[in-house]
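What follows is a set of notes on a single structure, which appears directly below.
The values are calculated or read from the model by the stated rules, or taken from the named source; none is laboratory data. Just so it is clear, the structure is predicted and the values come from calculations on it, not from any experiment. Cβ sites come from the backbone with ideal geometry, for glycine too, and all protein chains shown count toward neighbours.
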Amino acid sequence: MVVHAYYEEDPRVRREAEAVVANGRDVDVFALRREGFDREGMLEGVRVHRLDVQRHQGAGIGTYLLEYTEFALRALFALTRAHRRRHYALVQVASIPDALVLAALPLRLVRVPVILDLHEAMPEFFRMRFPRASSRLVQAVLVAQERLSIAMSNAVITVNDALGDRLVAMGVRKAKVTIVRNSPSLARFNAAAQPVRPFMADGTLRLVYAGGLSKIYEVEVAIGALALMKARRPDMPARLDL
């Protein structure tokens, strides 16, 4: 598995990798390396190769391009080198960026199947993240790289029906697309292991948001909902904890 993220912090990729290990197969993950972490280690049965590239959250487009390019090149060489002794049966690449699938090209050329896991629709993601830079030309380039990345893969998985329908609408064969929804680990979130708590037991309604503070994830919707509740139900204690 190849992912442009800190593996320890990516619940989707971790769930996927651990599910494969639970079914009796070895998994190697090639990911970013946070400062202070070993270059290689085992985590819940998964061998993690941490490449010396770090994230630059909130940086400009140029910095992101350099970061993506450096990681893709490092992943390509590391994956190809490891394949000589590990003989991988399958490679799964997680977006974004979609073009990270190029890191698996040498293995694809020797007939190792490649799965592309589309976490986002990258053209739409870019338009919301960088609205000023999202010209028609840039969008055309992003759509082209998305189509090329899908064409290079044997199969595509994505996170929900809306993204799956979008791929089919743009011409991807329906048989090539599989939906694998994000879901919590029942081993980590076991309701039976916790005491039953009645709804609003202490009289407070809590809204819990797990995600990044980014406009694309619509945090303002949660804030607006809280304000609306305050206006309509001033008698109900409510607050937003960040």
Pairing a residue in the stretch 53-65 that is over 13 Å from residue 130 (Cα atoms) with any residue that is among the hydrophobic types (A, V, I, L, M, F, W, C) and at pLDDT 80 or above, where Cβ atoms lie under 8 Å and the two sit 6 or more apart in sequence or on different chains, gives 53/32; 53/71; 54/32; 55/5; 55/32
Please go through the stretch 163-199 and give me each residue that is under 16 Å from the mean Cα position of the chain (by Cα) and within 16 Å of residue 95 (Cβ to Cβ), ordered by number. 163, 164, 178, 179, 180, 182
Select from the stretch 46-68 the residues that are within 18 Å of the chain's Cα centre (by Cα) and either under 15 Å from residue 93 (Cβ atoms) or among the aliphatic types (A, V, I, L, M) (or both) and list them in ascending order. 46, 48, 49, 51, 53, 65, 68
Checking residue 124 against (1) surrounded by 12 or more Cβ atoms within 10 Å (Cβ to Cβ); (2) in the same structural domain as residue 75 (by TED's automatic domain parsing); (3) touching a residue at least 60 places away in the same chain (Cβ under 8 Å), which single condition isn't satisfied? (3)
Failed condition for residue 138, given (1) touching a Lys or Arg at 6+ places or on another chain (Cβ under 9 Å); (2) without any contact (Cβ under 8 Å) to a residue 12 or more places away in the chain: (2)
Looking only at the stretch 209-228, which residues are part of a helix (DSSP H, G or I) and modelled with pLDDT under 65? 215, 216, 217
Is there a residue in the stretch 46-55 that is of a type in the set (Asp, Glu) and surrounded by 14 or more Cβ atoms within 10 Å (Cβ to Cβ)? no
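Keeping to the stretch 134-161, report how many residues are within 29 Å of residue 18 (Cβ to Cβ) and either touching a Phe, Trp or Tyr at 6+ places or on another chain (Cβ under 8 Å) or surrounded by 11 or more Cβ atoms within 10 Å (Cβ to Cβ) (or both).
12
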Within the stretch 66-94, residues under 29 Å from residue 134 (Cα atoms) and hydrophobic (A, V, I, L, M, F, W, C) come out as 66, 71, 72, 73, 75, 76, 93, 94
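Matching residues to (1) farther than 30 Å from residue 239 by Cα; (2) touching a Leu at 6+ places or on another chain (Cβ under 8 Å); (3) not assigned by TED's automatic domain parsing to the domain that holds residue 10:
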{"residue": "112", "(1), (2), (3)": "yes, yes, no"}
{"residue": "119", "(1), (2), (3)": "yes, no, no"}
{"residue": "128", "(1), (2), (3)": "no, no, no"}
{"residue": "138", "(1), (2), (3)": "yes, no, no"}
{"residue": "151", "(1), (2), (3)": "yes, no, no"}
{"residue": "172", "(1), (2), (3)": "yes, no, no"}
Go through the stretch 49-93 residue by residue and tally those that are part of a loop (DSSP other than H, G, I, E, B) and aliphatic (A, V, I, L, M). 4
